[in-house]
Amino acid sequence: MRTKVGVGVLGLTLLAVALFLALSTRGQAAGPAQPIAFSHQIHAGQYKMDCQYCHSEARRSEYAGIPSVSRCMGCHRITAADRPEVQKLAGFFNKNEPIPWVRVFKVPEYVYFPHKPHIRANVTCQTCHGPVETMAVVEARTGQNLANDLLNLVGLARSSTPLTMGWCVECHTTMNAKEKTKAPLECVTCHH
């Protein structure tokens, strides 16, 4: 009897913590503070710029890459040059400094994730990164941590994809079954 009470109290405590975490971030722009308020809604959504225009390394490397300041200024020397965020961009350009972006999507160090084969397999960027073209602020709460696990446990998972090993393996398995692809399932594919 005492064990049942202890399990019940633990369950209620976990539920309370998960609800607190979910409600404490509701309505807030998720994602880290960036040096420039860049909007994917405008660039990828409104203007329908292809992800690989800015993240050109995705088709040939492990990392998607961040566009250079000069790439951004290619358009913004003229377009919206009077806006405060574009003026910040111009400040980095004039000082010949890269923009110190804060990385949003990251897998653990022991995982090898190359973008290149996913691009070749026509996996859309949104499959892993979510509907970035609809996000004013890009957010990602990836991987296993206590907050994510508790929220998943009570059915209040975040909107971003989890990018966990199980999620990736499930995607590969599903694609192999549905699309007859040959997405690898061996451990050494991602862990080296």
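The values are calculated or read from the model by the stated rules, or taken from the named source; none is laboratory data. Computed from a prediction, not measured in an experiment: that's the story for all the values here. Counting neighbours? That spans all protein chains shown, and the Cβs are built from the backbone with ideal geometry, glycine included. Note: accessible area is taken over every heavy atom of the protein model, side chains too, but ligands, DNA and RNA are not part of it. Shrake-Rupley method; radii C 1.70, N 1.55, O 1.52, S 1.80 Å.
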Defining a contact as two alpha carbons under 8 Å apart and six or more residues distant in sequence, what relative contact order in percent does segment 74-145 show? 27 percent
Ordering of 178-188, 120-130 by burial proxy (mean other Cβ atoms within 10 Å per residue, highest first): 120-130, 178-188
Of segment 89-112, those with amide N under 18 Å from the point 7 Å along the Cα→Cβ vector of His192 are 107-112
By per-residue mean of other Cβ atoms within 10 Å, what is the highest-first order of 41-47, 90-96? 41-47, 90-96
In nm, spacing of pseudo-spin labels at Val107 and Ser56 (7 Å Cα→C-beta vector): 2.5 nm
Beyond 26 Å (Cα-Cα) in this structure, taken from Lys48/Lys182; Lys116/Lys178; Lys48/Lys88, we find Lys48/Lys182
List Glu170, Glu139, Glu109, Glu97, ordered by accessible area with a 1.4 Å probe, largest first: Glu109, Glu170, Glu97, Glu139
Heavy atoms of Tyr63 accessible to a 1.4 Å probe, total area in Å² rounded to 10: 120 Å²
